[in-house]
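First the structure, then my questions, so here it is.
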Amino acid sequence: MKRIRVENVSHSFPETEVFRDLSFSVDSREFVSILGQSGCGKSTLLHVISGVIAPDSGRVFLDEEDITSRPGLVSYMPQNDLLLPWKTVLRNIGLPLSLKGRKAREAAAAVEPYLALFGLEGFEHRYPAQLSGGMRQRAALLRTYLHRTDIMLLDEPFGALDAITRERLQEWLTRLLETLRTTVLLVTHDIDEAILLSDRIIVLSPRPARIAEILPVDLPRPRNGEQKLSPEFLKLKKRALHALE
Amino acid sequence: MKKKSGNISKWLIPLAAGLAFVLIWQLAGGAGLVSPYILPPPLRVAASLAEDVPLLVQHAAVTFVTSVAGLAAAVALALLMCLAMDLWPAFKKAVYPYMVISQTIPIIFIYPVIMMGLGFGLAPKIAVVTLVCFFPIGVNLSDGLAQTDPELLLLFRSMKASRWKTILLLKLPGALPAFFSGLKIAAAYSVIGAVISEWLGAQAGLGVYMIRASKSFVLSRVFAGILVVVALSLGLFAVVLAAERVFLSWKFITNHKENKS
């Protein structure tokens, strides 16, 4: 179906090299996390893959199609929820459809079937300021999903949430993806989150980032927070911690 | 209950202070402390106001039309200019400094020039109001557009939003609070702008009424005119406040959050 391939991508900002010669791929319906310390260029990497910034060198492919510097072909969810405060939840979620030229009513009709699945039923006519952080994040995720349902790039989607809400949303996301079957590339600095959610973890070294290690996560699914205490989980965590250094 | 009493004191305290001020003014006049030719006592102002109601309504209508037309023209002009400045940064660089300079021009001296261009009718008066109102609206709207969250712009770019859709769905609604800040200032100034232009040469309007009263030394009528100017300005301001409540309703919702993740 949909597969992302990143080939020899390098990028620098003036005076700082962000990452050098990164190559990896995310298979169709696979969940891959990119794990790295803060400031190692994870967000920039997602900007490159989503096409909003051009890399200094290297290419990004969607299946066999070269999508380097071509925005709009994959879904991208930024770190903050970035919901528009003047639009209701329903209108916010329908934004990618409005941008594609659909009428407000059509966009709303397309959003409605997903509201229950994303735990937003009954809140669709509220404004973002009236929702909890977790709900806003779920609304932003649904908006991302509706832009392109087959491939999503998520930039620390739960980073701004408190620990309890974060864990609940992580478990919810694993269950959700059993239903949606989307290819996901997630960026995080949270080792537990990466292990809990992923099929594979790509560990990045500090700046300039290179791939330090690729960790397959073969914990049984469906996963839940309790697995964090299992010996297999802790073994993976130890390896990830080691690779981060 | 507590909120209600808060609302009452919100109105009651300034109202009581105003009444006290008027009362002292009246008493000072009655006691002969202030000459009625310099500062006419409030009761005499009220009498003049009552006497001249038909005349004042006539003049106020002219001033009102001038103010609203000028304000509307300023909004339209500011919108066009700011959109153009947002679309073409070079245009902004070329125009922005002159937008500021436009506000520093002493209207009194260029009014004859405006009148030579636009004649003796309402047009030059409306032009003066537009000149006065354009600046606060234009500067606020332009800043509002420029302050669009860069992360949101990036998000829109990632969704391949067209330039036009980005303006319509992101930049303009985001700049609306700033626009209304400017519009509130402009609404309060617009009536004064109209009165000044009438002062400088007109056949009708509150400016004309007041200058006639002042030249015949009937100060109580000048004050009656001032009262009408104040009332008109406050009225326009209130209309803008009401419009703000409608267009920015999302800002006025109670920020009551649900305790559900």
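The values are calculated or read from the model by the stated rules, or taken from the named source; none is laboratory data. Computed from a predicted model, the values in this text were never measured in an experiment. Note that each Cβ is placed from the backbone with ideal geometry, even for glycine, and that neighbours are counted across all protein chains shown. When the accessible area is computed, the model is the full protein with side chains, heavy atoms only, and any ligands, DNA or RNA have been set aside. Shrake-Rupley method; radii C 1.70, N 1.55, O 1.52, S 1.80 Å.
Could you count how many residues in region B:47-89 are under 15 Å from B:GLY182 (Cα atoms), open to solvent by 20 Å² or more (accessible area, probe 1.4 Å) and either without any contact (Cβ under 8 Å) to a residue 12 or more places away in the chain or small (Gly, Ala, Ser) (or both)?
Going through region B:47-89 one residue at a time, the tally reaches 3.
Residues of region A:111-122 being touching a Lys or Arg at 6+ places or on another chain (Cβ under 9 Å) and either farther than 18 Å from A:LEU180 by Cβ or at the interface with another protein chain (Cβ under 10 Å from one of its Cβ atoms) (or both), which ones?
Residue satisfying the conditions is A:GLY119 alone.
Out of all the residues in region B:230-247, is one or more within 14 Å of chain A (Cβ to nearest Cβ) and crowded, with 19+ Cβ neighbours inside 10 Å? Steps first, answer last, please.
First pass over region B:230-247, keeping only residues within 14 Å of chain A (Cβ to nearest Cβ): B:244-247.
Add one more test, that the residue is crowded, with 19+ Cβ neighbours inside 10 Å, and what stays is B:244.
Looking for residues that are within 14 Å of chain A (Cβ to nearest Cβ) and crowded, with 19+ Cβ neighbours inside 10 Å, one finds at least one in region B:230-247, hence yes.
Could you tell me whether any residue of region A:2-22 is without any contact (Cβ under 8 Å) to a residue 40 or more places away in the chain, among the small types (Gly, Ala, Ser) and open to solvent by 20 Å² or more (accessible area, probe 1.4 Å)? Before the answer, list the steps.
Restricting attention to region A:2-22, the residues satisfying the condition of being without any contact (Cβ under 8 Å) to a residue 40 or more places away in the chain are A:13-15.
Next, from what is left, pick out any that are among the small types (Gly, Ala, Ser): none.
Among the residues of region A:2-22, not one is without any contact (Cβ under 8 Å) to a residue 40 or more places away in the chain, among the small types (Gly, Ala, Ser) and open to solvent by 20 Å² or more (accessible area, probe 1.4 Å), which makes the answer no.
So which residues in region A:201-224 are free of Cβ contacts under 8 Å to residues at least 60 places away in the same chain, part of a loop (DSSP other than H, G, I, E, B) and charged (D, E, K, R)? Steps first, answer last, please.
Initially, region A:201-224 is screened for residues free of Cβ contacts under 8 Å to residues at least 60 places away in the same chain, giving A:212-213, A:215-224.
After this cut, where a residue has to be part of a loop (DSSP other than H, G, I, E, B) as well, the list is A:217-224.
Selection gives A:ASP218, A:ARG221, A:ARG223.
For region B:110-153, which positions are of a type in the set (Ser, Thr, Tyr) and either open to solvent by 30 Å² or more (accessible area, probe 1.4 Å) or within 14 Å of chain A (Cβ to nearest Cβ) (or both)? Full working, then the answer.
Restricting attention to region B:110-153, the residues satisfying the condition of being of a type in the set (Ser, Thr, Tyr) are B:111, B:130, B:142, B:148.
B:THR148, the sole residue that qualifies.
Which residue is farthest from the other protein chains (Cβ to nearest Cβ), if the candidates are limited to region A:50-102 and must be among the aromatic types (Phe, Trp, Tyr) and not in a loop (DSSP other than H, G, I, E, B)? Write out each step before concluding.
Of the residues in region A:50-102, the ones among the aromatic types (Phe, Trp, Tyr) are A:61, A:76, A:86.
Within this subset, residues satisfying the condition of being not in a loop (DSSP other than H, G, I, E, B) are A:61, A:76.
On the way: A:PHE61: 18, A:TYR76: 4 Å.
So the residue we want is A:PHE61.
Next question. For B:ALA194, only one of the following conditions fails: (1) open to solvent by less than 50 Å² (accessible area, probe 1.4 Å); (2) among the aliphatic types (A, V, I, L, M); (3) under 30 Å from B:LEU87 (Cβ atoms). What is its number?
Condition not satisfied by B:ALA194: (3).
Can you tell me which condition B:PHE252 does not meet? The list is (1) touching a Gly at 6+ places or on another chain (Cβ under 7 Å); (2) within 30 Å of A:GLY122 (Cβ to Cβ); (3) surrounded by fewer than 22 Cβ atoms within 10 Å (Cβ to Cβ); (4) not charged (D, E, K, R), and all the others hold.
Condition (1) is where B:PHE252 drops out.
Which condition from (1) touching a Phe, Trp or Tyr at 6+ places or on another chain (Cβ under 8 Å); (2) under 27 Å from A:GLU124 (Cα atoms); (3) open to solvent by less than 10 Å² (accessible area, probe 1.4 Å) is the one that A:LEU99 breaks?
Going through the list (1) touching a Phe, Trp or Tyr at 6+ places or on another chain (Cβ under 8 Å); (2) under 27 Å from A:GLU124 (Cα atoms); (3) open to solvent by less than 10 Å² (accessible area, probe 1.4 Å), A:LEU99 breaks only (3).
Within the set of pairs 6 or more residues apart or between chains, which connect a residue that is at the interface with chain B (Cβ under 9 Å from one of its Cβ atoms) and open to solvent by 50 Å² or more (accessible area, probe 1.4 Å) inside region A:157-183 to a residue that is at pLDDT below 90 and in a loop (DSSP other than H, G, I, E, B) with Cβ atoms less than 8 Å apart?
What qualifies is A:ILE164/B:SER261; A:ARG168/B:SER261.
Now, a different point. Which condition from (1) within 11 Å of another protein chain (Cβ to nearest Cβ); (2) under 13 Å from the mean Cα position of the chain (by Cα) is the one that B:GLY193 breaks?
Failed condition: (1).
Restricting attention to region A:113-130, report how many residues are crowded, with 19+ Cβ neighbours inside 10 Å and either among the basic types (Lys, Arg) or within 13 Å of A:LEU82 (Cα to Cα) (or both).
Qualifying residue count for the region: 3.
Consider region B:154-165. How many of its residues are crowded, with 19+ Cβ neighbours inside 10 Å and either more than 7 Å from chain A (Cβ to nearest Cβ) or assigned to a helix (DSSP H, G or I) (or both)?
First, pick out the residues of region B:154-165 that are crowded, with 19+ Cβ neighbours inside 10 Å: B:155-156, B:158-159, B:161.
Keeping just the survivors that are either more than 7 Å from chain A (Cβ to nearest Cβ) or assigned to a helix (DSSP H, G or I) (or both) gives B:155-156, B:158.
Number satisfying all stated conditions: 3.
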